[in-house]
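Asker: Before I ask anything, let me first share the structure, which is written out below as structure tokens.
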Amino acid sequence: MRVKLHYGWIILAVCFFGVLAAQGLRYSFGAFMAPWENQFSVSRGAVSAISFISFMIFALSQPIIGKLIDLYGVKRVFVYSTIILGAATILTYFATSIWMLLILYGVIASLGFGGASGVTASLAVTRWFHKKQGLALGLVEAGFGAGQMVMVSASLFLIDKFGWKITVLFLGGFLLLVVSPILAIFLKSDPSEIGVRALGEEEAVKKESATNKGGQESLVPQKTFLFQRSFWFLMIPYFICGVTTTGLIDTHFIPLAQYCGFSVAETGTAVSLLALFNTGGTVASGFLADKINNRTMVASVYFFRGLTILFLFVFTLNVKWLAIFIAHPWLLFLFSITFGIVDFAVVAPTIKMLSQYFQGPSLGTATGFLYMSHQFGSAVGSYFPGVLFDRTGNYTSSLATAAALLALACLLSACLPKSNTVVMKKSAEYISS
């Protein structure tokens with residue numbers, strides 16, 4: 001007998017593809033840093049400022065995007081955001097100054113990044129998957145790693161062969177002519193639109209009925225999540241996650257490798273390895289999020305990510321260690337592999353805990369605020385390393401700071417509540433007061 005494929009898996013595949021294209025383009029920023037420095041005769045700090053503004057716009061948009069999704073659905077937000085992003089990318093071809101790039105990429109394209117983002121994809125998954133939710137979150141978040149592997153590598157290749165201007169035409173055209181139509185045709189905001197229920201919804205309803213004595217709603221009302229320790233102990237580490245991943249490493253890894261003296265081929269290989277193991281690590285974390293304690297898992301990821309940053313930090317301490325690093329490219333590849341495993345591995349268990357702590361009408365807004373913290377961290381992590389590099393000529397202090405912040409993230413994550421029971425109790429106390 002043939003088993004009918006649940007449409008949730010189609011939603012997952014479409015969201016994966018959309019995230020791959022949109023966020024893969026965002027991760028390609030590092031590939032454009034050197035060409036833009038040369039084209040417009042500006043410093044690395046000036047180019048990093050574009051990334052800073054981009055992440056700030058991205059961050060501020062996230063709670064708004066979450067609210068728009070609650071009002072209008074995932075499909076409209078995802079499709080329109082991809083169109084904006086594709087158009088803005090093509091228009092950068094006509095930029096004649098760094099200020100035009102700041103407006104086109106730093107502002108307009110970033111609004112597209114904000115809508116075609118993890119908050120949109122993760123909300124789509126949580127609405128379509130009650131069963132295997134952790135795995136589904138891990139798979140859709142793997143689109144970030146896959147995008148990093150495909151889009152960054154493609155950008156490096158195209159820039160090397162045709163220059164950055166032709167590259168933005170290719171990338172923008174891909175978003176407008178391929179990605180947007182696929183999202184418009186196949187993406188559905190809610191299972192009710194096609195008359196089905198979310199995967200595993202029947203089992204989830206039965207389980208909730210059995211455990212929810214007295215028929216009380218286990219929902220956190222709108223905005224009360226801002227008064228919960230669990231939310232802040234998720235959000236602060238997620239801010240640090242942004243500093244150390246999309247901010248520092250994903251933005252500055254290519255310039256750092258070029259600064260060390262690695263060739264284009266070695267740098268490209270390192271980026272591909274990081275993205276490949278990022279994809280694998282994200283999928284594995286999603287699978288494990290359904291099996292083990294998410295609080296322990298998140299704390300462990302931050303701890304091991306800190307160790308990988310320290311590994312890279314050691315080789316930037318002095319000329320002797322840097323020479324060893326350059327002479328043995330496999331050390332760069334080893335960093336790419338180890339960091340890739342823990343790069344986005346924190347996302348699935350974090351979102352799963354958030355959806356458990358704050359069920360109900362506040363989830364979209366809470367998710368938006370959580371992603372906002374990540375993008376604020378990304379803004380800080382992308383800008384200040386560029387400024388420090390201009391002043392010191394190296395990334396040593398930036399790496400040391402990142403390692404210290406990850407130690408704090410590990411500690412806060414370990415202090416998260418064990419379940420949503422405490423959250424519900426605190427919410428009830430807040431309402432009664």
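The values are calculated or read from the model by the stated rules, or taken from the named source; none is laboratory data. Since the structure is predicted, the reported quantities are computational estimates derived from the model, not experimental observations. Positions of Cβ are generated from backbone atoms using ideal geometry, with glycine treated the same way; all protein chains shown enter the neighbour counts. In case anyone asks, the SASA skips ligands and DNA or RNA and just uses the protein heavy atoms, side chains included. Shrake-Rupley method; radii C 1.70, N 1.55, O 1.52, S 1.80 Å.
Asker: Taking Cα atoms, how many degrees apart are the long axis of helix 329-343 and the longest axis of the chain, rounded to 10 and kept between 0 and 90?
Answerer: Helix 329-343 and the main axis of the chain meet at about 20 degrees.
Asker: With +1 on the Cβ of every Lys and Arg and -1 on the Cβ of every Asp and Glu, and nothing else charged, how large is the dipole of the chain about its Cα centre, in debye rounded to the nearest 20? Could the numbers behind the result be given before it?
Answerer: Numbers: 28 positive and 17 negative charges, 152 e Å.
Dipole of the chain, to the nearest 20 debye: 740 debye.
Asker: What number in nm² do you get for the chain if you take the convex hull of its Cα atoms and divide its surface by four? Don't jump to the answer; show the numbers that get you there.
Answerer: Working: hull surface 85.6 nm².
With the hull built on Cα positions only, its mean projection is 21.4 nm².
Asker: OK, next. Return one whole number: the accessible area per residue of the chain in Å², for a 1.4 Å probe. Present the calculation step by step, with values, prior to reporting the outcome.
Answerer: On the way: 17620 Å² over 433 residues.
Ligands and nucleic acids excluded, the figure is 41 Å² per residue.
Asker: Can you run the Rg to Rh ratio on region 356-417? Use alpha carbon positions and the Kirkwood inverse-distance Rh.
Answerer: A ratio of 1.14.
Asker: Let a ≥ b ≥ c be the square roots of the eigenvalues of the Cα gyration tensor of region 254-311; is it rounded (a/c under 1.5), or, if not, prolate (a/b larger than b/c) or oblate? Kindly include the intermediate steps, with their values, before the conclusion.
Answerer: Values: a/c = 5.53, a/b = 2.04, b/c = 2.72.
Oblate.
Asker: Next question, about the same structure. For region 12-86, compute Rh as the Kirkwood radius over C-alpha pairs and then the Stokes-Einstein diffusion coefficient at 37 °C and 0.692 mPa s; write the answer in µm²/s, rounded to an integer.
Answerer: Numbers: Rh = 14.2 Å.
For these conditions, the coefficient is 232 µm²/s.
Asker: On C-alpha positions alone, give me the angle between the axis of helix 164-174 and the longest principal axis of the chain, in degrees, nearest 10.
Answerer: It works out to around 20 degrees.
Asker: How much of the pair distance distribution for region 59-141 lies past 20 Å, counting alpha-carbon pairs only, in percent? Before the final figure, lay out the partial values.
Answerer: Numbers: 1417 of 3403 pairs.
I get 42 percent for the Cα pairs in region 59-141 exceeding 20 Å.
Asker: Rounded to two decimals, what is Rg over Rh for region 1-139 when you use alpha-carbon atoms and the Kirkwood radius? Spell out each step's value before the answer.
Answerer: Working: Rg = 17.3 Å, Rh = 16.2 Å.
Result for region 1-139 is an Rg/Rh of 1.07.
Asker: Using just the helices of the chain, give the 222 nm mean residue ellipticity in deg cm²/dmol: DSSP H runs with n ≥ 4 each add -39,500 (n - 2.57), and the total is spread over all residues, rounded to 500.
Answerer: -24500 deg cm²/dmol
Asker: Sort 51-61, 177-187, 236-246 for me by packing, meaning the mean count of neighbouring Cβ atoms within 10 Å per residue, highest on top.
Answerer: Numbers: 51-61: 23.7, 177-187: 16.7, 236-246: 26.6.
Highest to lowest by the protection proxy: 236-246, 51-61, 177-187.
Asker: I've got another one for you. Taking the Cα atoms only, what angle lies between the long axis of helix 7-27 and the longest principal axis of the chain, rounded to 10 degrees?
Answerer: Approximately 30 degrees, to the nearest 10.
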